[in-house]
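Participant: Pasting a structure below so you can have a look.
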Amino acid sequence: MKTSFRLFALLALFAHATLFAATKPSPDHFPLREGVEWRMDIEVTYPDGQRLRGGGRRVTGPAEVRDGKTYFRSRTWEEFEVQPRRERVKLVRKDANGLHSIDLSAETQKEEMEAALPLKVGGRWQTKHLHRMVLNHEVIAQETVVIGGKTYSNCFHIRTTATAGDYTEDFWEAPDVGLVKTVVTMTGAKVALTLREFKSGKTTSK
């Protein structure tokens, strides 16, 4: 079985979804610091009922400076039953206005805005992602999500849609954890990502 080219565009979005960062120190719905790690279960369901299962992992590395700005190096891996592991690396930073990243796998490595900050219900923004997909993002609500018997309260529910109309992603970011769930529908597949394990990383001494 082969996964679609669009599927891996989706998994790249998993990478950016885990990087959103809140501007308020507490709670932080989108942590960004050295050592933060997410491990996700991924399940792809095709129209004929076939399923492809795999896992995703994202780790935020130490800070580094580029062009006078401080970024964190973030690495994402995706593995499937019948596919080799794929890796994606970005430099990511945040400020009062938004989350910004540099895709180190892109031919032209320039900073792009990933999200407008601070997040709030009703907030909207637009980004251009892989293969020039124009994506529209909206914060739908704050909700409770239950995964594996664990309850995550006050999660930001964010919906992403492609201008072309063939891609929708709903994802939930929990306080002090970040991404806990993603559900994607697109031409030819439905994809679900759920949090299996989270590591909070290094804390800053005061």
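The values are calculated or read from the model by the stated rules, or taken from the named source; none is laboratory data. Keep in mind the model is a prediction, meaning the values are calculated, not measured. Note that we place each Cβ from the backbone using ideal geometry, even for glycine, and neighbour counts take in every protein chain shown. Ligands, DNA and RNA are stripped out before the accessible areas are found, and what is left, the full protein with its side chains, is counted by its heavy atoms. Shrake-Rupley method; radii C 1.70, N 1.55, O 1.52, S 1.80 Å.
Participant: Could you compute the net charge surrounding ARG85? Neighbours are other residues with a C-beta less than 10 Å from the C-beta of ARG85; K and R count +1, D and E count -1.
Facilitator: With Lys, Arg at +1 and Asp, Glu at -1, the neighbours total -1.
Participant: Which links in LYS120/LYS150; LYS128/LYS202; LYS90/LYS120; LYS94/LYS181 stretch past 28 Å when you go from one Cα to the other?
Facilitator: LYS128/LYS202
Participant: Considering Cα pairs under 8 angstrom that are at least six residues apart, work out the relative contact order of the range 60-206 and quote it in whole percent.
Facilitator: RCO, the range 60-206: 10 percent.
Participant: Over the range 66-206, give the accessible area per residue in Å² for a 1.4 Å probe, as an integer.
Facilitator: 55 Å²
Participant: May I ask you to list the GluC sites (Glu not before Pro) in the range 80-151 that are in a DSSP loop and have at most 10 other Cβ atoms within 10 Å of their Cβ?
Facilitator: GLU81, GLU107
Participant: Just need the Rg to Rh number for the range 45-97, please, alpha carbons only, Kirkwood Rh.
Facilitator: Here the Rg-to-Rh quotient is 1.21.
Participant: Between ALA106 and ASP176, what length comes free when the chain is fully extended (0.36 nm per residue of separation minus the Cα-Cα distance, one decimal in nm)?
Facilitator: That pair, ALA106 and ASP176, stretches by 22.2 nm at full extension.
Participant: Mind checking the full-extension length gain between GLU79 and THR161? Use 0.36 nm per residue of separation minus the Cα-Cα distance, one decimal, nm.
Facilitator: Full extension from GLU79 to THR161 adds 27.0 nm.
Participant: Moving on. Let me know the shape class of the range 82-206, please: from the alpha-carbon gyration tensor, a ≥ b ≥ c as square roots of the eigenvalues, rounded when a/c is under 1.5, otherwise prolate if a/b is greater than b/c, or oblate.
Facilitator: Rounded is the answer for the range 82-206, as its axis ratio a/c remains below 1.5.
Participant: Related question: Label VAL121 and ALA141 with points 7 Å out from Cα along Cα→Cβ: what is the distance between them in nm?
Facilitator: Result for the modelled spin labels: 0.8 nm.
Participant: Hand me the trypsin sites (Lys or Arg not before Pro) from the range 85-163 located in a DSSP loop with no more than 15 other Cβ atoms within 10 Å, in residue order please.
Facilitator: Within the range 85-163, the qualifying trypsin sites (Lys or Arg not before Pro) (loop, at most 15 other Cβ atoms within 10 Å) are LYS110, LYS120.
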